[in-house]
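Below is one structure, written out as structure tokens; the observations come after it.
The values are calculated or read from the model by the stated rules, or taken from the named source; none is laboratory data. As the structure is a prediction and not an experimental result, all values here were calculated from the model. Here the Cβ positions follow ideal geometry from the backbone for every residue, glycine too, while neighbour counts run over all protein chains shown.
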Amino acid sequence: MATQQADYATPETERTPVVKLYLAIGLIVFAALMLVGVLMRAAQGASLSSIGPALFYQLMTLHGAGMVGTAGLAALAVNWYFLSRYVRLNPRVFLGALILSLVAVAMIVGAILIGKFAAGWTFLYPLPANPLGQWGTGAALFFVAGLLVLGVAFLLVYLDMGLAIVRRYGSIARALGLPMLFGREPLDRTHPPTVVASAMVLIVNVAGIAAGAVVLVMTMLHLVFPALAPDALLMKNLIYFFGHVFINATIYSAVIAVYEILPLYARRPWKVSRPFLAAWLAVTLMVLAVYPHHLLMDFALPAWMAVMGQILSYTSGIPVLVVTAFGGLMLIYRSGIRWDAASSLLVLGLFGWAVGIVPAVIDGMISVNLVMHNTQWVPGHFHFYLLIGVVPMVLGFASYLGSNGEQGQTGRLGVGVFAVGAVLLCLTFLVSGANSVPRRFAVHEEAWQWLGNLGALSGGLVLIGTLMIALPILMRLPRARLTTA
Amino acid sequence: MSPRTAIGLVLAGGLVTALLWQRTAGFSAFTYETWRRVEVAREPVAVSDWRLQDAQGDFVRLSDWRDETLLVGFIYTSCPSVCVAIGSRYQQLQRTLQANPSTDVHLLSISIDPARDTPEHLAEYRRRHAGLQSSWTVARPADAQVLGDMIRETGLRVIPDQLGGFSHSESLHWIRDGQLLRISDWRDPELEKMITDGG
Amino acid sequence: MAAEPWRGAARTILLAVSVAGLFPPVAALFEASMRSHLLVQMPLLAFCGGYWVYRSPPLKRWLERVDPSGYIALVVGSGWFIYWMLPISLDLATFDPGIRLLKIVTVPVCVGAALTWSWLRLGPIGRGVMLLEGWAILGRLGWVYLISPVQLCSNYLIDDQQRTGSLLLGAALISAVGIALWAVFGPFRKPHRTEQE
């Protein structure tokens, strides 16, 4: 086994430089876009009157597209770094994808800041083609083309990963552990969880990118030939299939950091089991079919799809969460774990993921969704997952790699500030939502403004916490020797 | 990548772009119908002196409207769809002509189904759209030879539609002194303005 | 090369079918509907070019010298592929003998042969991108044909166009299932077999 691993693994010298680049860019962009988020909340709180509605929607599009893209890239870095321990990945492809992504980012940011594109990151058809004078067709085209380039960048890395996995494990299905799950092969308890998670992410994201390749080009064709008008409901289905799968997959990539780093703290291996494999198979299928919960309000959607969306929303988060949270707690329990920045962040990530289920499930109910979908409950729900789930996992990963988790008093304090700010921020969203404060409104009623200001304040805390953790890592990163074993 | 490959790539990319540029008339025409419009706008096409038979049964030639600009639409009277719409459009345009008697534009509808479109049918088509003989002539080609010439010279496409009728070009053709000068869409809201400007 | 006579025969038949597309009766047959033109004749012509690359060592040697990376072939092939996706090209090929000749020559050579060569040269990642893009083209083109409010080709009725769109979408659906099964459970050979690098 040991020799085999050496044959397949990516050489240590090739693994680290590109991952450092991803992390550095990811952390800086995260912080910058957090600032954008704070500005938006402050504008809603009316304490920043210089941000008018036109600018607000540009910022909203920037924050959305930027955070989704950055979360994708950062989670990809986690995935790539750990998967490269087991299979031989090509760092040049990984670097190429980063360069291509930066080109895409330039296109997207240019479309928003120069072209004033402001249709939201979901570019929901037919809004990009109906700007009412806010932006030009060129800006919309650039934005959509940027997303297409971003999709190609990710596709390249996933193809490389898939290839390497097939080389070592024979097929994606075997990497996912299907033969072991169904008793065709004996259970190999040393089969790495990272490989299982990577196989799942690979499957869903390539499917999502394929849908994106169709829907993005159809959007562009509609922009150029307005008479060519695709069915709006079908477009919406494809957009949410693409968008939901992509953002959902970030948490399943980021959780690899938990699988790989927590065992090092606990000094116990994370072993796969049949329930673990079953959970990952279930989530592979569910992530592909859960997206209709974005369309519960579309009366024209076939009823069975809405029902499927609701049921899967209840269940989709649960399998992997249960095996991961339970596995994580089992791992930590009485292990004498050292609580430093990295381990606290990773456990915070698990907490965010676990508790994030609650607002998600509530929102996934058709009867609730009809009332709540256009309130701030929904941003509350996805900030819970992303800000208290994905971001801490990525930060924990960066902290462990960059400073071996040892960030001293500042680091621990940073985690505390981050956690308090993030929870508070999500609560302001959820409380706003429960009080029917609409989402995507640039200007808020006076009665809602205190929530916006509180949100801006807690967003500021999040930003400070992030900087306290990220700045020391960024300073040390160029010289850091990244090791995990 | 070797420098040779790089140069080859740039060359190939340039050639392919030039090819597509040429075929689509500068990325503006993707269908035959739009391409025809762009081509004629770029360079007028000569048309022969078509011999036609009008709704009164009289034989006329294009050269009979020597000092006028003809707006020519191709129709057939049993057409249930677009020819009706073009007829209504001509009705509107005729009102513009009446309001501006000084303009020298004349409306001409030519049948692409001469076998069935007898002068009686042609007259009935014009009546249906309240057409006036003074400013709107409805005619059919005098013989098969003229029909062929018309189709060839204008680049018109006419194909049977499997319902006993035809699918044909819906565009309107501006002809003056034996020259096809421009091709317009019948839905173009600028048509009125073009008429008052004298074609 | 001539060791297997059936191969020679197959080549002759393919060549004959391509060239016959130039002559009015056969041309009329192929070009009678958009479906047969776009979904039968075009793929057949492209296949001829691809087959030629596969079976001709001299051609391979020449390509090896001119375009060892396959990138140039990819650019040329994609460009001509787009060219023949334009409704105007399809239209002109049905009544302009010059464009018809262009079709008979360039679809096998500049599309079929070029894309086959780039496929042979590209690594697995390049092939993956090509495969996904090719699949997406089926979906997009089919969708456009199905919903276009205008008759895109003057020579093909709109119902023919819509039927062609449905067929393309059907092909996209079937190939999606096929590719997905192959990608997840494939490549259906024993693991640890030595790979040709």
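Do you know which residues across the range B:66-102 are of a type in the set (S, T, Y), part of a helix (DSSP H, G or I) and under 16 Å from B:R126 (Cα atoms)?
Passing the criteria: B:S88, B:Y90.
Select from the range B:143-172 the residues that are out of contact with any strand residue (DSSP E or B) (no Cβ under 9 Å at 6 or more places or on another chain) and in a loop (DSSP other than H, G, I, E, B) and write down the one among them that is farthest from the other protein chains (Cβ to nearest Cβ).
B:G164
Restricting the range A:212-221 to residues that are aliphatic (A, V, I, L, M), more than 9 Å from chain C (Cβ to nearest Cβ) and touching a Phe, Trp or Tyr at 6+ places or on another chain (Cβ under 9 Å), which is surrounded by the fewest Cβ atoms within 10 Å (Cβ to Cβ)?
A:L216
Return yes when A:A46 is out of contact with any Pro (no Cβ under 7 Å at 6 or more places or on another chain) and at pLDDT 95 or above and no when it is not.
So A:A46 fails the test.
Check whether at least one residue in the range C:60-77 is within 12 Å of the chain's Cα centre (by Cα), within 14 Å of chain B (Cβ to nearest Cβ) and in a helix (DSSP H, G or I), and report yes or no.
Taking every residue of the range C:60-77 in turn, at least one turns out to be within 12 Å of the chain's Cα centre (by Cα), within 14 Å of chain B (Cβ to nearest Cβ) and in a helix (DSSP H, G or I).
State all residues of the range A:222-246 that are surrounded by fewer than 20 Cβ atoms within 10 Å (Cβ to Cβ) and β-branched (V, I, T); if no residue qualifies, say none.
A:V224
Going by the conditions given, is B:R51 in contact with a Lys or Arg (Cβ under 9 Å, 6 or more places away or on another chain), within 26 Å of B:R116 (Cβ to Cβ) and surrounded by 15 or more Cβ atoms within 10 Å (Cβ to Cβ)?
Here the answer is yes, as B:R51 does meet what is asked.
Check whether at least one residue in the range A:359-372 is on the phi < 0 side of the Ramachandran plot and assigned to a loop (DSSP other than H, G, I, E, B), and report yes or no.
yes
When you look at A:P186, is it under 30 Å from A:P53 (Cβ atoms) and either touching an Asp or Glu at 6+ places or on another chain (Cβ under 7 Å) or at pLDDT below 95 (or both), yes or no?
no
Those residues that are under 18 Å from A:A74 (Cβ atoms) and either outside any helix (DSSP H, G or I) or among the aromatic types (F, W, Y) (or both), I need them from the range A:88-131; list them, please.
A:L89, A:F94, A:W121
How many residues, within the range C:90-104, are buried (at least 19 other Cβ atoms within 10 Å of the Cβ), within 13 Å of another protein chain (Cβ to nearest Cβ) and either in contact (Cβ under 8 Å) with a residue 12 or more places away in the chain or more than 30 Å from C:C153 (Cβ to Cβ) (or both)?
5
Would you pick out the residues in the range B:103-118 that are surrounded by 14 or more Cβ atoms within 10 Å (Cβ to Cβ), at pLDDT 90 or above and either in a helix (DSSP H, G or I) or not small (G, A, S) (or both)?
Selection gives B:V105, B:H106, B:L107, B:L108, B:I110, B:I112, B:D113, B:P114, B:D117, B:T118.
Take the residues in the range B:33-58 that are more than 10 Å from every other protein chain (Cβ to nearest Cβ) and among the polar types (S, T, N, Q); name whichever of them is nearest to B:D177 (Cα to Cα).
Selected residue: B:S48.
If you go through the range B:17-48, how many residues are closer than 17 Å to A:F225 by Cβ, in a helix (DSSP H, G or I), of a type outside the set (S, T, N, Q) and without any contact (Cβ under 8 Å) to a residue 60 or more places away in the chain?
Residues in the range B:17-48 being closer than 17 Å to A:F225 by Cβ, in a helix (DSSP H, G or I), of a type outside the set (S, T, N, Q) and without any contact (Cβ under 8 Å) to a residue 60 or more places away in the chain: 3 in total.
Here are A:L73, A:L95: which of them is aliphatic (A, V, I, L, M) and more than 30 Å from A:R439 (Cβ to Cβ)?
A:L95
Scanning for something surrounded by fewer than 18 Cβ atoms within 10 Å (Cβ to Cβ) and of a type in the set (A, V, I, L, M), does the range A:268-277 turn up at least one residue?
Within the range A:268-277, not a single residue is surrounded by fewer than 18 Cβ atoms within 10 Å (Cβ to Cβ) and of a type in the set (A, V, I, L, M).
So the check is Cβ under 7 Å with 6+ separation or different chains; which pairs have a first residue in the range C:36-64 that's among the polar types (S, T, N, Q) and a second one that's surrounded by 17 or more Cβ atoms within 10 Å (Cβ to Cβ)?
C:S36/C:F30; C:Q41/C:G21; C:Q41/C:F30
Could you list, in sequence order, all residues of the range A:209-250 that are in contact (Cβ under 8 Å) with a residue 24 or more places away in the chain and of a type in the set (D, E, K, R)?
Listed by number, the list holds a single entry, A:K236.
Just checking, which of C:G112, C:G186 is more than 30 Å from C:L22 (Cα to Cα) and at pLDDT below 95?
C:G186
What number of residues within the range B:163-199 are touching a helix residue (DSSP H, G or I) at 6+ places or on another chain (Cβ under 6 Å) and aromatic (F, W, Y)?
Residues meeting the conditions: 1.
In this structure, does B:F30 turn out to be within 14 Å of chain C (Cβ to nearest Cβ) and over 30 Å from B:L97 (Cβ atoms)?
yes
Only one of A:L451, A:L477, A:L482, A:L457 is modelled with pLDDT of 90 or more and within 24 Å of the chain's Cα centre (by Cα); which?
A:L457
If we scan the range B:14-23, do we find a residue that is surrounded by 13 or more Cβ atoms within 10 Å (Cβ to Cβ), modelled with pLDDT under 90 and within 10 Å of chain C (Cβ to nearest Cβ)?
Within the range B:14-23, none of the residues are surrounded by 13 or more Cβ atoms within 10 Å (Cβ to Cβ), modelled with pLDDT under 90 and within 10 Å of chain C (Cβ to nearest Cβ).
Restricting the first residue to the range A:1-18 and requiring it to be within 25 Å of A:F397 (Cβ to Cβ) and outside any helix (DSSP H, G or I), which pairs with a second residue that is modelled with pLDDT of 80 or more and aromatic (F, W, Y) meet a Cβ separation below 7 Å and a spacing of at least six or different chains?
Final answer for the pair search is A:A9/A:Y86.
Which of the residues spanning the range C:105-155 are outside any helix (DSSP H, G or I), surrounded by 22 or more Cβ atoms within 10 Å (Cβ to Cβ) and of a type in the set (S, T, Y)?
Correct list: C:S154 only.
Consider the range C:154-179. How many of its residues are within 14 Å of chain B (Cβ to nearest Cβ) and more than 20 Å from the chain's Cα centre (by Cα)?
Of the residues in that region, 8 qualify.
Determine if the range B:119-137 includes at least one residue that is buried (at least 20 other Cβ atoms within 10 Å of the Cβ), of a type in the set (S, T, Y), assigned to a strand (DSSP E or B) and within 14 Å of another protein chain (Cβ to nearest Cβ).
Scanning the range B:119-137, I find no residue that is buried (at least 20 other Cβ atoms within 10 Å of the Cβ), of a type in the set (S, T, Y), assigned to a strand (DSSP E or B) and within 14 Å of another protein chain (Cβ to nearest Cβ), so the answer is no.
From the list A:A129, A:A145, pick out the single residue that is more than 10 Å from every other protein chain (Cβ to nearest Cβ) and either in contact with a Ser or Thr (Cβ under 9 Å, 6 or more places away or on another chain) or among the basic types (K, R) (or both).
The unique qualifying residue is A:A129.
When you go through A:A65, A:A46, A:A24 one by one, which is the residue that is closer than 29 Å to A:R479 by Cβ and surrounded by 14 or more Cβ atoms within 10 Å (Cβ to Cβ)?
Matching residue, one of A:A65, A:A46, A:A24: A:A24.
If you go through the range A:117-143, how many residues are under 24 Å from the mean Cα position of the chain (by Cα) and surrounded by fewer than 18 Cβ atoms within 10 Å (Cβ to Cβ)?
Selection size over the range A:117-143: 2.
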